[in-house]
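J.: After the C-alpha cells below, expect a handful of questions from me.
Every number here is computed from the coordinates shown, using simple stated rules; none is lab data. Given the structure is predicted, the values throughout are model-derived calculations rather than measurements. Positions of Cβ are generated from backbone atoms using ideal geometry, with glycine treated the same way; all protein chains shown enter the neighbour counts.
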Amino acid sequence: MCLHPQLQQKIARVLCQLVNAGVQMNVTTHSDIILQHINNMVCLSGREDSQEICRQFGYTHGDLLRPEMVKVYQLKAEPGGKTKVEELCCGMNGFAVPTFNDALDLIMEEAYTIQE
C-alpha cells in the first residue's frame, strides 16, 4: 500500500505470473491499484484483441488471468463487532469491490467540488 503506484502494478503483475505458474497463494491488500491490475488482466484474457493489446503494453500470455483462477473476498463489519467474509463475483471487467469503489467515488467527488 505504501509503495509507489508503479511498483504496486509491478507486484500485481508478478502475482499474475505466479498464479499462471501454478503457485497457490492468499494475498491481502488495501491497494485498489493492485486489484485494478488483476481486473485488467482478467478482462484482457477474455478479449478477442488481447494479443494486440498485450503487445501495446508489453504483456505476455503469462500475465493474463482467467476468471476461474482468482477469487476475491471482502471483509465487512457487521453490527455487534462481527466481521463477515463475502466472496465477490467476477464480472466482465473483473471484480467490483464496493468498499474500494465507494471510497474512491467519494474522494473524487470531494476533489471535483473543492477544485472547481
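J.: If amide H atoms are built 1.01 Å from N in the plane of the peptide, which residues on other chains or at least 5 residues away come under 5 Å of the amide H of VAL72?
T.: Long-range HN contacts for VAL72: LEU88.
J.: LEU44: net charge of surrounding residues, Cβ under 13 Å, Lys/Arg +1, Asp/Glu -1, itself excluded? Don't skip to the end; give the middle numbers.
T.: Numbers: positive: ARG13, ARG47, ARG55, ARG66; negative: GLU48, ASP49, GLU52, ASP63.
Overall, the nearby charge balance is 0.
J.: Using label points projected 7 Å from each Cα along Cα→Cβ, tell me how many nm separate ARG47 and GLU110, to one decimal.
T.: Placing both labels 7 Å along Cα→Cβ, they lie 3.2 nm apart.
J.: Here is a further query. Fewest first, what order do CYS2, CYS16, CYS43 take by the number of other Cβ atoms within 10 Å?
T.: Working: CYS2 6, CYS16 23, CYS43 19.
The fewest-first ordering by Cβ neighbours comes to CYS2, CYS43, CYS16.
J.: Additional query: How tilted is helix 32-45 with respect to the longest principal axis of the chain? Cα atoms for both, answer in degrees (0 to 90, nearest 10).
T.: 40 degrees
J.: A follow-up question, please. Mind checking the alpha-carbon convex hull of the chain and giving the volume per residue in Å³?
T.: Numbers: hull volume 17.5 nm³, N = 116.
About 151 Å³ per residue, rounded to a whole number.
J.: Order these by the 10 Å Cβ neighbour count, fewest first: ARG55, ARG47.
T.: On the way: ARG55 10, ARG47 13.
Going from sparsest to densest Cβ surroundings: ARG55, ARG47.
J.: Please determine, in degrees from 0 to 90 and to the nearest 10, the orientation of helix 5-20 with respect to the longest principal axis defined by the Cα atoms of the chain, where the helix direction is its Cα long axis.
T.: 60 degrees
J.: Would you tally the net charge around PRO5, using a Cβ to Cβ cut-off of less than 15 Å, leaving PRO5 out, and scoring K and R as +1, D and E as -1? Don't skip to the answer; put the middle values down first.
T.: Working: positive: LYS10, ARG13; negative: ASP32.
Net charge in that neighbourhood comes out at +1.
J.: Considering only the other residues whose Cβ falls under 13 Å of the Cβ of CYS89, what net charge follows from Lys and Arg at +1 and Asp and Glu at -1? Mind dumping the intermediate values first?
T.: Numbers: positive: LYS71; negative: GLU68, GLU86, GLU87.
Local net charge: -2.
J.: Note the full-extension length gain between ALA96 and LYS76 as 0.36 nm times their separation in residues minus their Cα-Cα distance, in nm to one decimal.
T.: Details: separation 20, 0.36 × 20 = 7.20 nm, distance 1.44 nm.
Separation in residues times 0.36 nm, less the Cα-Cα distance, equals 5.8 nm.
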